[in-house]
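Just below is one structure, and these are the notes that go with it.
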Amino acid sequence: MKRIAILTGGGDAPGLNAALRAAVKTAINEYHLEVIGIRNGFDGFLQENGMIPLDQKSVQGILPRGGTILGTANRGNPFAYQIEKDGKTITLDRSAETIDRIQSIGIDALIVIGGDGTLRIGCELWDQGIPVVGIPKTIDNDINLTDFTFGFDTAVNVAVDAFDRLHTTAESHHRVMVLELMGRDAGFIALYAGIAGGADVILIPEIPFHYESIQEKINQRISAGTHFSLIAVSEGAFPYGGEKKYWMQENQVYAGRLGGMAEQIMHTLIEQSGLEVRTTVLGHLQRGGTPTAFDRWLATRFGVAAVNMVVNRQFGRMAALHSNKIDHVSLRDALLEPKRVNTLGDTVNSARCVGISLGD
Ligand code: F6P
């Protein structure tokens, strides 16, 4: 084993640089391997100057930095590559070209750091004979067979800080504050941040909500003399019998982009009860900036594990965290189904026990 490549794909997540740094240091210090960084996800294999050598110097000082020094892309699938031609979007299969390129640079393994989309491409490349090892990252925490992905803890902490700030202004103005959080179709960010941030109502995609239940919780608080409430709403949450809200529908290039549920809730509550309601959409603040200590710790351990897996030829597998221990699982098994909040699990139950309404 002489040379390995590494890439980051999909939406960025705090901790990507920490994982890159750990992988590069382990590869060089422990195994004397040469490391090539692929720029902008899988696109780098198809781009001029899409690859750069990574050495100790290239990863110096990047542990606390958000984003990824390699760049990323969430539309760069070599199996379904999108290009614009004559004003139309055309989908091309550029996987053969990508595989040729991977083989021509003579790498012994490819480490793919990504969420479900990127890891799925990695899995397809593994099916085609490319020795791939995966590292799970995403603020959404929606990858199965690992307790956590890195990026999630930072997103939750940013959201909790937002709740702390909304709390004081909500209390002063006797208002209902609705905070919309990311997570796609998984409610982990809203659930964890809602509990840690003292939300009174938490709405997640796994539990369709009723407006009456939200109103009931707010009324209970008013009757008890508390004239403000905090609501955490996942971007993928939806009313019972209703639909999710998208600000951008799915198209040939992008999956649909969720957003707008906080505003819908605000208008409904104002119409139904005349309450004073305001919304905040936290958006990409949850993804940018410095990773928390937990995310640096997890990303570092995943980066080290991935290189060890490469050296031990444990391909087609993904680094994973189980009860605080680093492990590895089959990539294919991890991607069979997305991870969702267990609505009967202890986290949801804890929320209920401390009086939080889940809107059901
Ligand atoms: O998967 C991470 C994530 O931040 C989701 O929580 C969110 O729905 C989506 O990406 C936003 O994507 P984009 O950055 O393309 O707007």
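Here are the numbers for the structure shown:
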{"item": "Criterion violated by residue 125 - all others in (1) within 16 Å of the ligand (Cβ to nearest atom); (2) assigned to a helix (DSSP H, G or I) satisfied", "result": "(1)"}
{"item": "Unmet criterion (only one of (1) within 16 Å of the ligand (Cβ to nearest atom); (2) over 16 Å from residue 19 (Cβ atoms); (3) open to solvent by less than 70 Å² (accessible area, probe 1.4 Å)) for residue 331", "result": "(1)"}
{"item": "Residue pairs meeting the criteria (Cβ under 6 Å; at least 6 apart or on separate chains; first under 14 Å from residue 237 (Cβ atoms), in the stretch 256-267; second open to solvent by less than 20 Å² (accessible area, probe 1.4 Å) and more than 12 Å from the ligand (Cβ to nearest atom))", "result": "261/233; 261/237; 262/178; 262/233; 265/178; 266/178; 266/277"}
{"item": "Yes/no for residue 218 being surrounded by 19 or more Cβ atoms within 10 Å (Cβ to Cβ), under 23 Å from the mean Cα position of the chain (by Cα) and in the same structural domain as residue 274 (by TED's automatic domain parsing)", "result": "no"}
{"item": "So residue 154, is it buried (at least 24 other Cβ atoms within 10 Å of the Cβ) and of a type in the set (Ser, Thr, Tyr)", "result": "yes"}
{"item": "Positions within the stretch 100-151 being of a type outside the set (A, V, I, L, M, F, W, C) and without any contact (Cβ under 8 Å) to a residue 40 or more places away in the chain, in sequence order", "result": "100, 103, 104, 127, 128, 129"}
{"item": "Those residues of the stretch 254-289 which are β-branched (Val, Ile, Thr) and within 14 Å of the ligand (Cβ to nearest atom), in sequence order", "result": "281"}
{"item": "Of all residues in the stretch 163-193 being over 15 Å from residue 279 (Cα atoms) and in a helix (DSSP H, G or I), the one that is farthest from the ligand (Cβ to nearest atom)", "result": "172"}
{"item": "Index of the failed condition, residue 292 passing every other in (1) within 16 Å of the ligand (Cβ to nearest atom); (2) closer than 30 Å to residue 171 by Cα; (3) open to solvent by less than 60 Å² (accessible area, probe 1.4 Å)", "result": "(1)"}
{"item": "Residue 143 among the hydrophobic types (A, V, I, L, M, F, W, C) and either touching a Cys at 6+ places or on another chain (Cβ under 8 Å) or open to solvent by 30 Å² or more (accessible area, probe 1.4 Å) (or both)", "result": "no"}
{"item": "Any chance residue 116 is of a type in the set (Asp, Glu), closer than 30 Å to residue 257 by Cβ and away from the ligand (no atom under 16 Å from the Cβ)", "result": "no"}
{"item": "Selection from the stretch 311-346 of residues that are part of a helix (DSSP H, G or I) and over 20 Å from residue 150 (Cα atoms)", "result": "311, 346"}
{"item": "The stretch 232-249, residues that are away from the ligand (no atom under 13 Å from the Cβ) and either open to solvent by 20 Å² or more (accessible area, probe 1.4 Å) or part of a loop (DSSP other than H, G, I, E, B) (or both)", "result": "238, 240, 241, 242, 243, 249"}
{"item": "Qualifying residue in the stretch 176-194 (condition: open to solvent by 40 Å² or more (accessible area, probe 1.4 Å), under 19 Å from the mean Cα position of the chain (by Cα) and free of Cβ contacts under 8 Å to residues at least 60 places away in the same chain)", "result": "no"}
{"item": "1 or more residues assigned by TED's automatic domain parsing to the domain that holds residue 295 and within 16 Å of the ligand (Cβ to nearest atom): qualifying strands (runs of 3 or more DSSP E) within the stretch 1-65", "result": "3-8"}
{"item": "Residue list for the stretch 35-68, filter: within 21 Å of residue 13 (Cα to Cα) and in contact with a Ser or Thr (Cβ under 7 Å, 6 or more places away or on another chain)", "result": "40, 41, 42, 64, 66, 68"}
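Every residue, every condition in (1) under 22 Å from residue 299 (Cα atoms); (2) in contact (Cβ under 8 Å) with a residue 60 or more places away in the chain; (3) aromatic (Phe, Trp, Tyr); (4) crowded, with 16+ Cβ neighbours inside 10 Å, yes or no:
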{"residue": "22", "(1), (2), (3), (4)": "yes, yes, no, yes"}
{"residue": "30", "(1), (2), (3), (4)": "yes, yes, no, no"}
{"residue": "60", "(1), (2), (3), (4)": "yes, no, no, no"}
{"residue": "68", "(1), (2), (3), (4)": "yes, yes, no, yes"}
{"residue": "78", "(1), (2), (3), (4)": "no, no, no, yes"}
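The values are calculated or read from the model by the stated rules, or taken from the named source; none is laboratory data. Keep in mind that what you see is a predicted model, and the values were worked out from it rather than measured. Here the Cβ is made from the backbone with ideal geometry for all residues, glycine too, and neighbour counts use every protein chain on show. All accessible areas refer to the heavy atoms of the entire protein, side chains included, with ligands and DNA or RNA removed. Shrake-Rupley method; radii C 1.70, N 1.55, O 1.52, S 1.80 Å.
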